1. Could you pull out the residue among S235, S157 that is farther than 28 Å from P71 by Cβ and either in contact with a helix residue (DSSP H, G or I) (Cβ under 6 Å, 6 or more places away or on another chain) or small (G, A, S) (or both)?
2. Considering only the range 216-250, how many residues are surrounded by fewer than 20 Cβ atoms within 10 Å (Cβ to Cβ) and touching a Leu at 6+ places or on another chain (Cβ under 7 Å)?
3. Considering only the range 136-150, how many residues are open to solvent by less than 10 Å² (accessible area, probe 1.4 Å) and near the ligand (Cβ under 8 Å from one of its atoms)?
4. Give the residue, chosen from L74, L129, that is surrounded by 15 or more Cβ atoms within 10 Å (Cβ to Cβ) and more than 16 Å from the ligand (Cβ to nearest atom).
5. Determine if the range 186-195 includes at least one residue that is out of contact with any His (no Cβ under 9 Å at 6 or more places or on another chain), open to solvent by less than 20 Å² (accessible area, probe 1.4 Å), of a type in the set (A, V, I, L, M, F, W, C) and part of a loop (DSSP other than H, G, I, E, B).
6. When the residues of the range 296-311 are narrowed to those that are within 25 Å of G131 (Cβ to Cβ) and open to solvent by 10 Å² or more (accessible area, probe 1.4 Å), which ends up farthest from the ligand (Cβ to nearest atom)?
Amino acid sequence: QSMKTMVSPTFPEEGPLRSSETFGKFTPTVINGERRGNEQGHLFAQRIPIPGMKPPIFCNQSEDQLKSMDPLILELVNNEIVDCGPPVQWTDIAGHVSVKAVIEEELVWPILRPGAYTGANRPPKSILLFGPTGTGKTLLSRCIATQLGSTLLKLSSTVLLSKWKSESEKILQTVLFMASCHQPVVVFISEIELLLSVRVHEENTHLNNLKSQLLSFLDNIATSSNDDIIFIGTSQRPDDLDEAAHHRFAKKFYISPPDNLARRQILHHTLAQQNYCLSEREMALLVQHTEGYSGSELIQLCQQAGANHLHGIAGQMQPTSYKDFEGAFCKLQASTSQKQLNMYVKWNKLYGSRH
Ligand code: ADP
């Protein structure tokens, strides 16, 4: 029997996400699925005010300081770093239930409803998301930005250190300046270990400058209670991070490959977009055989199975079957080794905020 009718388009929460109900209806800063610049061609995505929310902060000195900045760098940041991806809701992310709950309650809620927040601790402003590639770190960061109705400044350390190397200090400086000017804002930097590595040598002035720029930014957002700046760093190599640097992150979450339930949800959701026929037993086998696969690898696996199928029976439109997956398994295995997974678990035990 086909399972298609059982498929839900989003991932309903398996656990309690307590605060979402108290938020009431929330409209993210997205119009027709896009974040937009404002009519004056301003650098930032426009933010629609939400009743009861803190108004956005614009810094007074921004006009003058903006004028003093390199227009080409500003344009680059505007075009390549201000993220215009689609909005992401909590229910779009399978699994990571406790991480989502902590982030929603301790970070998102205090920013959206500062008056209602009674938590004793200062809300975390810097987060490290670590784990294998394709497990939802970027997705989660996009979701945080969507929930906050904030601008997302999304930068890859690899791109910064390769394609943009000669201008990297200026680019980072511009991104961090923009962040302080337009709040709430989420600054997202992937492969953060490249910038905050233990291996940044004294004599490498260039990397050292980037590192100190970032560290002083992290120190500033940790101590300033008025700013609504969230910094998210992601890493596949948390063990490469300088200890002094990773202590700067208020929260460190292991974003693991999906568990059984999350894999089932991702597979269901992906297969719902293609014609398929799997029995309950075959779906259970699929869930069992995909242990260790990341979310993005599961999606690729379904696509591969669909492609196998199309190539297999030319002209005949049959639904993707379990047999197509057997072929796909040969082509696409989980890329993260058990050794790497053990490293994440160990690092999480030592430094993580949730074990
Ligand atoms: P990372 O930043 O950890 O490398 P991404 O967040 O970019 O991974 O994930 C890549 C894609 O894989 C996402 O856009 C999404 O389609 C899918 N994906 C990964 N993890 C999940 C998840 N937990 N729930 C739903 N989709 C996921």
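1. On the way: S157 fails: farther than 28 Å from P71 by Cβ.
Selected residue: S235, the only one of S235, S157 that is farther than 28 Å from P71 by Cβ and either in contact with a helix residue (DSSP H, G or I) (Cβ under 6 Å, 6 or more places away or on another chain) or small (G, A, S) (or both).
2. The total comes to 1.
3. From the range 136-150, those open to solvent by less than 10 Å² (accessible area, probe 1.4 Å) are 140-141, 143-146, 148-150; that's our starting set.
When the remaining residues are screened for being near the ligand (Cβ under 8 Å from one of its atoms), the result is 140-141.
Summing the residues that are open to solvent by less than 10 Å² (accessible area, probe 1.4 Å) and near the ligand (Cβ under 8 Å from one of its atoms) in the range 136-150 gives 2.
4. Numbers: L129 fails: more than 16 Å from the ligand (Cβ to nearest atom).
Selected residue: L74, the only one of L74, L129 that is surrounded by 15 or more Cβ atoms within 10 Å (Cβ to Cβ) and more than 16 Å from the ligand (Cβ to nearest atom).
5. The answer is yes; a qualifying residue exists.
6. Q304
Quick grid of which residues meet (1) of a type in the set (A, V, I, L, M); (2) modelled with pLDDT under 90; (3) closer than 21 Å to G131 by Cβ:
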{"position": "K165", "(1), (2), (3)": "no, yes, no"}
{"position": "I171", "(1), (2), (3)": "yes, no, no"}
{"position": "V185", "(1), (2), (3)": "yes, no, no"}
{"position": "I189", "(1), (2), (3)": "yes, no, yes"}
{"position": "V200", "(1), (2), (3)": "yes, yes, no"}
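The values are calculated or read from the model by the stated rules, or taken from the named source; none is laboratory data. These numbers were taken from a predicted model, which means no experiment stands behind them. Cβ sites come from the backbone with ideal geometry, for glycine too, and all protein chains shown count toward neighbours. Heads up: the accessible areas ignore ligands, DNA and RNA and are worked out on the full protein's heavy atoms, side chains in. Shrake-Rupley method; radii C 1.70, N 1.55, O 1.52, S 1.80 Å.
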